[in-house]
Amino acid sequence: MVVTTMLTYIFPPPPSLFVTAMTVISFTSSANLGLSELRGKHLHYSKFWNSGSKTSAAKNIKLSSRTGMLIAYNPAFLAGVASFVLYPQENIRILLLCSALTIHFFKRIFEVLFVHNYSGGMNLDVVLAISLSYFLSTTAVTYAQYLAQGFPEPSVDLKYLGCLLFLIGISSNFYHHYLLSKIRSKGDKDYKIPKGGLFGLVICPHYLFEIVEFVGISLISQTLYAFSFTIGSALYLIGRSCATRRWYLSKFDHFPKNVKALIPFVL
């Protein structure tokens, strides 16, 4: 009964050890990172870049945040571009998926170069871990979609709803990143409480709309791997946003208590 219901909305899982393993790894690793954020053990970037101890040689290699993020995003962007060549675009769904992923990482690189106003750094081990994660996830979701082309389409077609959510998510995420970039003047490294957009309701609206974006990608794909990745990513961003709210509360006595972490009036 459960399997029949699932197959109404998703393609059957392909007989691929790589995709099966990545489905489990993507969910469990992202969910575990989210729990770690809630427990105060942060992934070292942004305002948490220098939290915790640094012992390994890789951890002692510091990069600028701009350099680190470019290294993190470029392999996934190139994987998205390569997917147009590696996988025959036999139907509109795989074309939409490859396009969405490529646009997503192109936008991130554009923001790194022209939008974000960085104040900290990144350690090499974190850069490599993030880069590998994005690259493998992009590779897995496109490969899973390529394998799914041999199966019948799900009874309920969600790809166009997915396109709508993707566009809402990516544009709103960009807008709130733009607002974040304007709260500090060039050369100013002090954090301030962000304002405008949904920042009056939640401290991480950019994370909220990134989740919306990932949900859109999952609906375009309609594969088990895509949904697994999205749920895991959402759990991580929930943990990260809660940690971010705690950080603002600890740094600013006048931080408004009614501002939630991620979901207006709820969380």
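Filtering the range 11-35 to residues that are over 13 Å from SER233 (Cα atoms), in a helix (DSSP H, G or I), open to solvent by less than 50 Å² (accessible area, probe 1.4 Å) and touching a residue at least 40 places away in the same chain (Cβ under 8 Å) leaves VAL19, MET22.
Note on the range 73-104: residues that are open to solvent by 10 Å² or more (accessible area, probe 1.4 Å), touching a residue at least 12 places away in the same chain (Cβ under 8 Å) and within 17 Å of SER131 (Cβ to Cβ) amount to 8.
Tell me, which residue of the range 145-163 that is in contact with a Gly (Cβ under 9 Å, 6 or more places away or on another chain) and within 21 Å of ARG108 (Cβ to Cβ) is surrounded by the fewest Cβ atoms within 10 Å (Cβ to Cβ)? Of everything passing the filter in the range 145-163, CYS163 is surrounded by the fewest Cβ atoms within 10 Å (Cβ to Cβ). If I ask for residues that are within 15 Å of ASP190 (Cα to Cα) and either free of Cβ contacts under 8 Å to residues at least 12 places away in the same chain or in contact with a strand residue (DSSP E or B) (Cβ under 6 Å, 6 or more places away or on another chain) (or both), which ones from the range 244-267 would you list? Across the range 244-267, the qualifying residue is only SER250.
The values are calculated or read from the model by the stated rules, or taken from the named source; none is laboratory data. Quick caveat: nothing in here was measured; it's all calculated off a predicted structure. Glycine gets a Cβ as well: all are built from the backbone with ideal geometry, and neighbour counts include every protein chain shown. Heavy atoms of the whole protein, side chains included, go into the accessibility calculation; ligands, DNA and RNA do not. Shrake-Rupley method; radii C 1.70, N 1.55, O 1.52, S 1.80 Å.
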